[in-house]
Amino acid sequence: MRPKLSILILALAVAAGVTACGEDDSASETAATPTATPTETASAAGIEALVQGTSKKTDVKPEVPAPNGDPPAELVIRDIVKGKGPKAKAGDTLTMQYVGIAWSNGRQFDASWDAGQPFPFPLGAGMVIQGWDRGMVGMQKGGRRLLVIPPELGYGETGAGDAIAPNETLVFVVDLVEIG
């Protein structure tokens, strides 16, 4: 059992004991209601490990650590390096450098860095997966951002050929090179 999970179970057991001792029901309901499920806690720890383990040097291809724990169910957007200037919005053409890995095995499936040139796309035009169209909004030039994209905002039940399995959670580290 993971240490954090055992602490959560212990806290719930103590809260249940307080209820059994005759505390006010409203107080015991608050005390016994955890703020995060064990899966959410594992996901949060996995996300933090990705953020901390990714280089902050935006002029070189980032090494992205393999994720730990269960993938989050929702789109995760975390700035690793904040950029400067105007924020990206729908209709802007963004030029990006990126690395994409699969949550399930930590293997890289794509990287613009390997192709030798950045990737341009119009934000909000549906030319990329939904996780990118949603995840790039508000990013600034020179920034590096982590996106963890659940399957329904990525390639879903079909996957993408041999590169991305069906129902795969995608992890991208993206660098915004230019907003046009």
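Checking each residue in the range 138-163 for being among the aliphatic types (A, V, I, L, M) and closer than 28 Å to GLY91 by Cβ picks out MET139, LEU146, LEU147, VAL148, ILE149, LEU153, ALA160.
Screening GLY180 with (1) more than 23 Å from GLU48 (Cβ to Cβ); (2) at pLDDT 95 or above gives one miss only, at (2).
Kindly evaluate ASP133 against the criterion of being of a type in the set (Asp, Glu), surrounded by fewer than 17 Cβ atoms within 10 Å (Cβ to Cβ) and either touching a Cys at 6+ places or on another chain (Cβ under 8 Å) or without any contact (Cβ under 8 Å) to a residue 60 or more places away in the chain (or both). Walk me through it before giving the result.
On the way: of a type in the set (Asp, Glu): yes; surrounded by fewer than 17 Cβ atoms within 10 Å (Cβ to Cβ): no; either touching a Cys at 6+ places or on another chain (Cβ under 8 Å) or without any contact (Cβ under 8 Å) to a residue 60 or more places away in the chain (or both): yes.
Answer is no for this residue.
Each residue in the range 56-74 was checked for being touching a residue at least 60 places away in the same chain (Cβ under 8 Å) and out of contact with any Gly (no Cβ under 6 Å at 6 or more places or on another chain), and 8 pass. How about the range 142-161: which of its residues are surrounded by fewer than 18 Cβ atoms within 10 Å (Cβ to Cβ) and not acidic (Asp, Glu)? Residues satisfying the conditions are GLY142, GLY156, THR158, GLY159, ALA160, GLY161. Of all the criteria given as (1) modelled with pLDDT under 85; (2) among the hydrophobic types (A, V, I, L, M, F, W, C); (3) loosely packed, with under 11 Cβ neighbours inside 10 Å, the one not satisfied by VAL60 is (1).
A count restricted to the range 122-144 and to residues that are within 24 Å of LYS56 (Cβ to Cβ) and not in a loop (DSSP other than H, G, I, E, B) stands at 7. If we scan the range 69-76, do we find a residue that is under 23 Å from ASP114 (Cβ atoms), assigned by TED's automatic domain parsing to the domain that holds ARG145, surrounded by 16 or more Cβ atoms within 10 Å (Cβ to Cβ) and not hydrophobic (A, V, I, L, M, F, W, C)? Checked against the condition, which is being under 23 Å from ASP114 (Cβ atoms), assigned by TED's automatic domain parsing to the domain that holds ARG145, surrounded by 16 or more Cβ atoms within 10 Å (Cβ to Cβ) and not hydrophobic (A, V, I, L, M, F, W, C), the range 69-76 yields no hits at all. Under 18 Å from THR54 (Cβ atoms), out of contact with any Ser or Thr (no Cβ under 9 Å at 6 or more places or on another chain) and part of a strand (DSSP E or B): is that true of LEU147 in this structure? Considered against the rule, which asks whether it is under 18 Å from THR54 (Cβ atoms), out of contact with any Ser or Thr (no Cβ under 9 Å at 6 or more places or on another chain) and part of a strand (DSSP E or B), LEU147 comes out as yes. Among the residues examined, SER112 qualifies as under 19 Å from VAL177 (Cα atoms), among the small types (Gly, Ala, Ser) and either buried (at least 17 other Cβ atoms within 10 Å of the Cβ) or not assigned by TED's automatic domain parsing to the domain that holds GLU168 (or both).
The values are calculated or read from the model by the stated rules, or taken from the named source; none is laboratory data. Note that this is a predicted model, so its numbers are computed, not measured. Note: ideal-geometry Cβ built from the backbone for every residue, glycine included; neighbour counts use all protein chains shown.
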